[in-house]
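J.: Just dropping this structure here.
Just so it is clear, none of the values below were taken in a lab; they were calculated from the coordinates. Being a predicted model, the structure only gives us computed values, none of them experimental. So basically every Cβ, Gly included, is an ideal-geometry build from the backbone, and we count neighbours across all protein chains shown.
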Amino acid sequence: MSADTMRAVVQDGFGGPEVLRVQRVPRPVPLPTEVLVRVHAAGINPVDWKTREGHGMAHVLGEPPFTVGWDVSGVVEEAGFGVTTLKAGDEVYGMPWFPRAASAYAEYVTAPARQFARKPASIDHVHAAAVPLAALTAWQAVVDTAHVRAGQRVLVTAAAGGVGHFAVQFARHLGAHVIATASAARHPWLKELGADETIDYTATRFEDATADVDVVIDLVGDAHDGTSTRSLKVLRPGGLLIPVPAGVSEELARAAGAAGVRATPFLVEPDGAALTEIAGLIDAGHVTVEVETAYPLERAGEAHARGEAGRTRGKLVLTTLTD
């Protein structure tokens, strides 16, 4: 095949998993300050299938055709003019361009060098691809936004998912008392990750099981059983709610004000420096990465269907190498 083309997952219209198909497209060329990365694996996130349907970041990407995906782990193939932090042959991982198109479900991506970081040395590309978007979301919520500190009580909803299992570990690493909601089958694993308390959301409403919480990292949102609004009930006066999936509606903001607590909108940003810190925690054994299944690029639709079904432990990943 021509060196000027590559395999990528493309969709020509919005819809279900069946709209995803592999075809050959032009290979990108790095501009000054950018690197060309040979993708070994691409992580799958809820924003991917929401965008595929016409929601999520579809308003940023515009009308199809386009390629979804933001998580990548791979090897620098070429460094553009002006790049001094990376060179050809470096193993890297990142969440480039978000929320603009990164087109990560492909064999190559280009992006500014400083949106990448060196891949954690202790894990392979499949596990590294599971890290960037989920871990940066957790890091920026727990560390940069909530400024969680030792002794605080932190509630993480949907704690067994991609973002959740990182949020539990980051909060615990900072010395917080971590309360995690998940199905009962996930409780032993979450306790291994550092959760001090676990709540089976299928049997107990978390507002009946905990209170005096300093920070809620809500990864479910009000669209499902009013989870963000219910979270206000468990916060102490002045406590902070970070509703990740849907942000802060006018109704939620009013309810938070009436309850004497805070609610802040949130959206993850590319951050190579934070990824370097996260890689250090992974290599030191303080943070583990959970991948449930890795699929070849051609099975992207099947991977999306699995993710949309829910109940995933950790992350799903696509692998791009055929040799």
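J.: Under a straight-distance cross-link criterion of Cα-Cα below 28 Å, which lysines are reachable from K191, leaving out those fewer than 8 residues away in the same chain?
T.: Those lysines meeting the cut-off are K119, K233, K315.
J.: Turning to a different aspect of this structure: Which FRET efficiency value, to the nearest 0.05, is calculated for T33 and S183 with the Förster distance at 51 angstrom and r the Cβ-Cβ distance?
T.: E between T33 and S183, to the nearest 0.05, is 0.70.
J.: Can you sort K315, K191, K119, K87 from fewest to most other Cβ atoms within 10 Å of each residue's own Cβ? Each step should come with its number before you reach the end.
T.: On the way: K315 29, K191 15, K119 26, K87 12.
So the residues, fewest neighbours to most, are K87, K191, K119, K315.
J.: Cβ under 12 Å from W139's Cβ, W139 left aside: what net charge do those residues give with Lys, Arg +1 and Asp, Glu -1?
T.: Charge balance near W139 sits at -4.
J.: List, in order, the whole-Hz ³J(HN,Hα) value for each residue of segment 224-237 obtained from phi through the Karplus relation with A = 6.51, B = -1.76, C = 1.60 and θ = phi - 60°; use x for Gly and Pro.
T.: 10, 6, x, 4, 5, 5, 4, 4, 4, 5, 9, 7, 6, x
J.: Here's another thing I want to ask about it. When D218, D90 are ordered from fewest to most other Cβ atoms inside 10 Å of their Cβ, what list results?
T.: D90, D218
J.: Can you give the % of DSSP beta bridges in the chain that are antiparallel, to the nearest 5?
T.: 55 percent
J.: Follow-up. Equivalent ellipsoid semi-axes for the chain, as square roots of 5 times the alpha carbon gyration tensor eigenvalues: give them largest first, rounded to whole Å. All intermediate terms of the calculation are to be shown ahead of the outcome.
T.: Values: eigenvalues 229, 87, 63 Å².
Computed over the chain, the values are 34, 21, 18 Å.
J.: Let me ask you something else. For a footprinting-style exposure proxy, rank Y295, Y93 by other Cβ within 10 Å, fewest first.
T.: Sorted ascending by nearby Cβ count, the order is Y295, Y93.
J.: So, in nm, how far is label E308 from label V60 when the simple model puts each one 7 Å beyond its Cα toward the Cβ?
T.: The answer from the label model is 2.1 nm.
J.: Right, next: Note the per residue figure in Å³ for the convex hull of the C-alpha positions in segment 134-263.
T.: Per residue, the Cα convex hull of segment 134-263 comes to 87 Å³.
J.: Another question, then. How charged is the neighbourhood of G15? Take every other residue with its Cβ under 10 Å from the Cβ of G15, and add Lys/Arg as +1 and Asp/Glu as -1.
T.: Values: positive: R52; negative: D12, E18, E53.
Charge balance in the 10 Å sphere: -2.
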